[in-house]
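Worksheet: the structure to be examined is printed underneath.
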Amino acid sequence: MPLRWGGEAARIAVIPGDGIGKEVTPEAVKVIRAATAKAKRPLEFVELDWGADKYLKEGVTLPSGAVEMLRDEFDAILFGALGDPRVPSNQHAADILLGLRFKLDLYVNARPVELLQDRLTPLRDRKEKDIRFMVFRENTEGLYVGMGGFFKKGTADEIAVQEDVNSRKGVERIIRYAYDYARQNGLNRVCMSDKSNAMTYAHDLWQRVFKELKQEYPKIESRHLYIDTLAMEVVRDPSQFEVIVTCNLFGDIVSDLGAQLAGGLGLAPSGNIHPGRTSLFEPVHGSAPNIAGKGIANPFGSVLASAMMLDFLDWKPEAQVLREGVRSALKESFVTPDLGGMKQTVEVGDWLAKYAEKSL
Ligand code: NAD
Ligand code: IPM
Ligand code: MN
């Protein structure tokens with residue numbers, strides 16, 4: 001049986017994946033090790049080599065029995081990124097990343113947007129206090145389920161169908177999670193965003209569930225915005241948002257938009273969560289083939305995702321050390337080129353590990 005976070009130990013599966021996933025993930029592991037070195041609490045990492053190389057060599061994406069192993073033997077998964085130009089179909093990414101999200105039923109994709117330093121936002125006159133909100137992306141349904149097909153493929157009459165699957169249970173649990181998160185964290189505003197004016201079946205369900213649930217949270221200000229308006233409002237005045245909850249595809253897009261408002265993809269973390277079960281933590285960014293192998297990828301996103309993972313495992317002080325480390329590195333301008341610095345991925349990782357050691 002796995003050692004759950006009521007106990008002292010945690011087992012972490014590490015899946016670096018492809019491209020810069022292989023560069024940033026070891027740095028995050030190094031920093032976690034440093035932050036937990038004196039904690040006298042065992043933390044065990046097991047690395048799994050799933051990704052494009054394995055797929056191309058062995059034809060294996062998600063090995064058989066993998067889901068059960070992760071579910072039963074691990075407390076959390078630290079994930080890098082998947083995506084490789086040698087696999088144009090991205091089949092391995094669909095099987096592994098979406099496979100784990102679906103099969104482990106990780107229905108919450110939590111993607112915090114937080115400006116850590118005023119200079120990092122492209123928005124004029126916006127300060128740290130103005131950009132701090134949480135995006136909850138439904139993570140097990142919607143347009144991502146892979147239902148659909150082709151008709152007359154390759155002909156002039158071709159038809160391609162991709163189904164948008166929304167269940168009552170799926171919509172309810174993500175909206176409820178968003179409200180509960182707001183309540184537990186002293187936040188006052190939840191905004192549900194959909195496209196119910198055009199998606200008159202799928203998002204009618206979102207509308208009905210939202211109307212029902214908001215009655216249960218009368219102290220929280222409930223608001224609805226169509227997704228196009230939300231995209232505009234997030235740029236016009238991000239300070240109006242505290243919690244945003246939306247469907248799988250819109251959440252994917254809004255979280256990259258939010259990431260850029262807070263300094264770019266290099267800094268953005270995420271958690272794929274099912275409360276009480278093995279959950280997966282990863283930076284929001286992908287494998288970045290355009291910079292892979294150059295040693296310049298920003299490890300902050302992976303380190304901040306690790307902080308979310310430690311929080312989830314109830315290692316709160318250690319999580320805090322990771323976050324403080326990133327803030328301090330930013331203050332000292334000890335950063336990679338995407339943030340205007342000259343440092344290499346490994347140098348930043350070493351710096352954060354030293355910071356963690358000193359903080360113990
Ligand atoms: P990407 O996130 O990999 O890169 C977008 C841009 O951001 C690039 O210019 C890249 O250099 C930059 N960037 C991203 N992370 C960075 C970091 N840590 N430091 C510095 N710069 C960084 O998105 P993309 O180019 O659209 O996708 C590349 C591949 O990654 C594709 O195969 C895609 O499917 C995959 N992908 C995977 C995930 C995931 O595994 N969760 C997420 C997004 C994209
Ligand atoms: C993300 C990525 C994935 C997604 C891709 C790689 C399928 O963009 O994690 O944001 O769309 O969920
Ligand atoms: Mn994405």
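Observations on the structure shown:
- When you count the other C-beta atoms within 10 angstrom of each residue and take the mean per peptide, 58-71, 320-333, 107-120 line up highest first as 107-120, 320-333, 58-71.
- Positive-end residue of I131, G170, N188, charge dipole of region 122-266 with Cβ unit charges: N188
- Relative to the Cα centre, the charge distribution of region 22-71, modelled as +1 at Lys and Arg Cβ and -1 at Asp and Glu Cβ, gives a dipole magnitude of about 380 debye.
- Cα→Cβ-extended label distance, 7 Å offset, between S359 and E172, nm: 4.0 nm
- Alpha-carbon centroids, region 36-55 and region 198-249: separation in whole Å: 37 Å
- Region 245-253 - phi-based ³J(HN,Hα) in whole Hz, Karplus 6.51/-1.76/1.60, Gly and Pro as x: 10, 7, 7, 4, 5, 5, x, 4, 6
- Taking every protein chain into account, the accessible area of the chain amounts to 45 square angstrom per residue (probe 1.4 Å).
- In sequence order, calculated HN-Hα J values of region 56-62 (Karplus, 6.51, -1.76, 1.60; Hz; x Gly/Pro): 5, 7, 10, x, 9, 9, 9
- Amide proton proximity set for V14, modelled H, under 5 Å, gap of 5+: V46, E47, L48, L78
- GNM remark for the chain: springs join alpha carbons under 10 Å apart, and the peak mean-square fluctuation among K57, K38, K22 falls on K57.
- The packing ranking, built from the mean of other Cβ atoms within 10 Å per residue, places the peptides 83-90, 346-353, 296-303, 145-152 in the order 296-303, 346-353, 83-90, 145-152, highest first.
- Only Lys, Arg (+1) and Asp, Glu (-1) charged, at Cβ; the chain dipole about Cα centre in debye: 760 debye
- Scaled to the globular estimate 2.2 N^0.38 Å, the Cα spread of the chain, given as radius of gyration, is 0.98.
- Fraction of the pair-distance distribution of region 122-266 above 25 Å, Cα-Cα pairs, percent: 33 percent
- Legend: calculated FRET efficiency, E324 to A156, from the Cβ-Cβ distance at R0 = 56 Å, rounded to 0.05, equals 0.40.
- Region 163-187 and region 58-75 have Cα centres spaced 27 Å apart.
- Given +1 at the Cβ of Lys and Arg, -1 at the Cβ of Asp and Glu and no other charges, the dipole of region 122-266 around its Cα centre is 420 debye to the nearest 20.
- Per-residue Karplus couplings for region 163-172, computed as 6.51 cos²θ - 1.76 cosθ + 1.60 with θ equal to phi - 60°, are listed in order as 7, 9, 9, 10, 9, 3, 4, x, 5, 5 Hz, Gly and Pro entered as x.
The values are calculated or read from the model by the stated rules, or taken from the named source; none is laboratory data. Quick caveat: nothing in here was measured; it's all calculated off a predicted structure. With ideal geometry, Cβ positions are generated from the backbone for all residues, glycine too; neighbour counts draw on all protein chains shown. Accessible surface areas use protein heavy atoms only, side chains included; no ligands, DNA or RNA. Shrake-Rupley method; radii C 1.70, N 1.55, O 1.52, S 1.80 Å.
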